[in-house]
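**Student:** Following this message is one structure expressed as structure tokens.
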Amino acid sequence: MVSVVLGDKSVYASDEAHELERVLAAVVEPTNQRAIRAALTTDLLGVTAHDLARMDENESEWEAWSLLFHSWNAIWAQSGFVQNYAMVMGGGIVLLVVVYLFLKP
């Protein structure tokens, strides 16, 4: 297997890894509004502070996001992580996440 080292920093310390951790925390605990809000404001999901403030006034929009996190949680429980990740990220780079979750020091 060919690999390339571009630096001496750990992938686990990257902004992307921290954002992914926030999203996965909300998927694992979809009843935790604070975790969902933190996940929503990542670049991965792209919800702005203005959007969050609007959700505070529009319960149906918040409920839609909440239901989405509940469904992602159910997919993870029923079909496993890879299927869940494909749903959450739309088929993004699964290998990076698998490495992050299973090889994390």
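**Student:** Find the residue count for segment 36-58, including only residues that are among the small types (Gly, Ala, Ser), farther than 17 Å from TYR85 by Cβ and surrounded by 14 or more Cβ atoms within 10 Å (Cβ to Cβ). It would help to see each step written out before you state the result.
**Tutor:** Here is the first cut: in segment 36-58, the residues among the small types (Gly, Ala, Ser) are 38-39, 46, 49, 53.
Retained after the next criterion (residues that are farther than 17 Å from TYR85 by Cβ): 38, 46, 49, 53.
This time we only want the ones that are surrounded by 14 or more Cβ atoms within 10 Å (Cβ to Cβ), so: 38.
The qualifying residues number 1.
**Student:** Quickly run through segment 40-74 and pick out the residues that are over 26 Å from ASP15 (Cα atoms) and touching a helix residue (DSSP H, G or I) at 6+ places or on another chain (Cβ under 6 Å).
**Tutor:** GLU61
**Student:** Applying the selection to segment 61-92, what residues are exposed (fewer than 11 other Cβ atoms within 10 Å of the Cβ) and modelled with pLDDT under 80?
**Tutor:** Within segment 61-92, the subset exposed (fewer than 11 other Cβ atoms within 10 Å of the Cβ) is 77-78, 80, 90-91.
If the condition is that a residue be exposed (fewer than 11 other Cβ atoms within 10 Å of the Cβ) and modelled with pLDDT under 80, then GLY80, GLY90, GLY91 are the ones that fit.
**Student:** So VAL27 passes all but one of these: (1) assigned to a helix (DSSP H, G or I); (2) without any contact (Cβ under 8 Å) to a residue 40 or more places away in the chain. Which condition number does it fail?
**Tutor:** Only one criterion is unmet by VAL27, namely (2).
**Student:** OK, next. Evaluate segment 2-20: report whether one residue or more is of a type in the set (Lys, Arg) and at pLDDT 85 or above.
**Tutor:** Within segment 2-20, none of the residues are of a type in the set (Lys, Arg) and at pLDDT 85 or above.
**Student:** A further question on this structure: Just to be sure, is GLU29 of a type in the set (D, E, K, R) and modelled with pLDDT under 90?
**Tutor:** On the way: of a type in the set (D, E, K, R): yes; modelled with pLDDT under 90: no.
Here the answer is no, as GLU29 does not meet what is asked.
The values are calculated or read from the model by the stated rules, or taken from the named source; none is laboratory data. It should be emphasised that the depicted structure is a prediction, and the values quoted were computed from it without experimental measurement. Note: ideal-geometry Cβ built from the backbone for every residue, glycine included; neighbour counts use all protein chains shown.
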